[in-house]
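Have a look at the structure below before the remarks.
None of the figures in this text is laboratory data; all of them are computed from the coordinates on show. Bear in mind that the values here come from a model prediction, so they are computed numbers and not experimental data. Because the Cβ atoms are built from the backbone with ideal geometry, glycine has one as well, and the counts that use them run over all protein chains shown.
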Amino acid sequence: METSYNPDNSGEHRLAHILATEMKVMVGEQAEPKHNAVARGWLEYPGCPAGIEQYFDIRNSQAVWLELAKLIMGAEADLSLAQAYKALEPSKEPPFEDDLAISDLYYIHDRK
């Protein structure tokens with residue numbers, strides 16, 4: 001990366017840490033979704049015959065189930081990402097005087 005000014009060492013470290021953290025999370029191990037199959041099952045219409053007067057009821061019901069499925073799958077994806085960021089946190093909290101280590105920990109914790 002190039003900047004229009006001369007960066008300092010802490011800024012370069014912060015950038016390197018952010019890029020490394022994001023790469024580790026995106027290409028690293030993440031938990032397998034457990035509830036996506038169930039949520040996708042909610043989208044299957046039973047296929048029983050219905051009259052034209054029930055058209056809007058059926059469409060509204062399908063829309064509600066679609067939104068619920070998206071909510072569950074999104075929440076599970078968010079939890080999986082949070083778990084991946086949690087795995088990158090150091091086991092021991094750095095000393096408060098170490099600004100770089102605190103900044104690194106803050107970034108990981110904020111993303112989690």
For this session: Mind listing whichever residues of segment 19-43 are touching an Asp or Glu at 6+ places or on another chain (Cβ under 9 Å) and either free of Cβ contacts under 8 Å to residues at least 60 places away in the same chain or of a type in the set (A, V, I, L, M, F, W, C) (or both)?
Result: 31, 33, 34, 35, 36, 39
Exercise. When you go through (1) over 30 Å from residue 108 (Cα atoms); (2) touching a helix residue (DSSP H, G or I) at 6+ places or on another chain (Cβ under 6 Å) one by one for residue 31, which number turns out not to apply?
Worked result: (1)
Exercise. Can you find a residue in segment 48-58 that is within 30 Å of residue 100 (Cβ to Cβ), acidic (Asp, Glu), part of a helix (DSSP H, G or I) and without any contact (Cβ under 8 Å) to a residue 40 or more places away in the chain?
Worked result: no
Seminar exercise, completed: If we ask which residues in segment 1-27 are assigned to a loop (DSSP other than H, G, I, E, B) and surrounded by 11 or more Cβ atoms within 10 Å (Cβ to Cβ), their number turns out to be 1
Problem set entry | Hits in segment 28-53 - residues which are farther than 23 Å from residue 82 by Cβ and either surrounded by 10 or more Cβ atoms within 10 Å (Cβ to Cβ) or of a type in the set (Lys, Arg) (or both) | 41, 42, 43, 45, 50
